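What follows is a single structure, written as structure tokens, with notes after it.
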Amino acid sequence: MSLTVTRRIESADEVLALTLARPDAGPLPVWRPGAHVELLLGDGMLRHYSLCGDPADRLSWRIAVLRVPDGRGGSAYVHDKLHAGVPVRVRGPRENFAFRPAGRCLFVAGGIGITPLLPMLTAVEDRCRAWPAGVLQVERFQAAEPPSSAAESAFDVVLSRSDLTLRVPPGRSVLEVARAAGVPALSSCAEGICGTCETEVLEGEPDHRDSVLSPEERESGETMMICVSRARGARLVLDL
Ligand code: FES
């Protein structure tokens, strides 16, 4: 759908908050905490951003975008081009990170990763207010930095269909290494949230770092998101 930027707030730390609405001010699709939308930006760029506003607000959506100076261009496009009044094409909402209410919740966020958690926190806190004191407990802390890639180890990935063995160094993904070797691999978000790059694991144990797979799917180790996930051992064999 085509939406319009109705409000733009530049906050500290290069984070831009955008409010999006229909040009006719009509209602938007229903969403639940944890949902994200896809923004179709210039030059075919597709980027995923969590909805971080109030799900009860049917007339506008809110996203927050961190400018990544050495990124792939999506955040720079949003910061530089999406001013108030500018139209933007949006798909969704999609729910790959649904919130499952529980009696006790621990929210852990790294930097801008707080965005999908904000509506969850609001939902939980609303519920706390409605319940007798002590029935629900909420703990919250936010990490300032994402995990360092320095702790990562290199591993080998065997691409069975391509008959290639490639080295995946710390700080690079299977997706990047495969593409650099000329192997076509589907992807979209490159952040482990959309599921486009899901690839079958034939041998080895993945170190899952996505937000798509369920605990059961992670445990089975049958597939992995090659844009973010790595290997627990020295070698993986993928159906790629
Ligand atoms: S490209 Fe979206 S999960 Fe990998």
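Only the coordinates and a few stated rules stand behind these numbers; no lab work does. Computed from a predicted model, the values in this text were never measured in an experiment. Every residue, glycine as well, gets a Cβ built from its backbone with ideal geometry; the counts of neighbours run over all protein chains shown.
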key: Neighbourhood charge, 12 Å Cβ-Cβ cut-off, centred on Val228 and excluding it, Lys, Arg +1 and Asp, Glu -1   = -3
query = Most mobile of Cys105, Cys194, Cys227 per a Gaussian network model of the chain (Cα springs, under 10 Å)?
reply = Cys105
ask   = Treating the beta-carbon of each Lys and Arg as +1 and of each Asp and Glu as -1, no other charges, what is the dipole magnitude of the chain about its Cα centre, to the nearest 20 debye?
value = 700
ask   = For the range 1-131, treating each Cα as an identical point scatterer without solvent, what Debye log10 I(q)/I(0) comes out at q = 0.13, 0.17, 0.20 1/Å?
value = -0.54, -0.91, -1.21
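Go ahead and estimate [θ] at 222 nm for the chain from helices alone: -39,500 (n - 2.57) per DSSP H run with n ≥ 4, summed, over the residue count, rounded to 500.
Values: 4 runs with 35 residues, N = 240.
It lands at -4000 deg cm²/dmol.
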query = So what does the Cα-only Debye profile of the range 50-93 read at q = 0.26, 0.27 Å⁻¹, as log10 I(q)/I(0), no solvent term?
reply = -1.12, -1.15
note = Note on the chain, DSSP bridge orientation, antiparallel percent to nearest 5 equals 75
key: Segment Glu200-Ser220, length gained on full extension (0.36 nm per residue, minus Cα span)   = 6.1 nm
ask   = Amide H to amide H under 5 Å from Phe107: which residues, 5+ apart in sequence or cross-chain, H placed 1.01 Å off N in plane?
value = Glu139, Phe141
request  = May I have the extent of the alpha carbons of the chain along their three principal axes, as whole Å values ordered from largest to smallest?
outcome  = 53, 48, 30
request  = Give me the angle, in degrees from 0 to 90, between the Cα long axis of helix 117-130 and the longest principal axis of the Cα atoms of the chain, rounded to the nearest 10.
outcome  = 50
query = For labels at Arg67 and Met45 in the simple 7 Å Cα→Cβ model, what's the distance in nm?
reply = 1.3
request  = Please find, in a Gaussian network model of the chain (springs between Cα atoms separated by less than 10 Å), the residue of Arg94, Arg62, Arg104 whose mean-square fluctuation is greatest.
outcome  = Arg104
note = Most exposed to least, judged by fewest other Cβ atoms within 10 Å, Asp43, Asp210, Asp239 sort to Asp43, Asp239, Asp210
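Once you have a ≥ b ≥ c as the square roots of the Cα gyration tensor eigenvalues for the range 149-238, tell me rounded if a/c is under 1.5, and otherwise prolate or oblate according to whether a/b is larger than b/c. List each step's numbers first, then the result.
On the way: a/c = 1.27, a/b = 1.20, b/c = 1.06.
Rounded, since a/c falls under 1.5.
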inquiry  = Just want the answer: with Cβ charges of +1 for Lys and Arg and -1 for Asp and Glu, which residue in Ser214, Val168, Met120 is farthest toward the dipole's positive end in the chain?
reply    = Met120
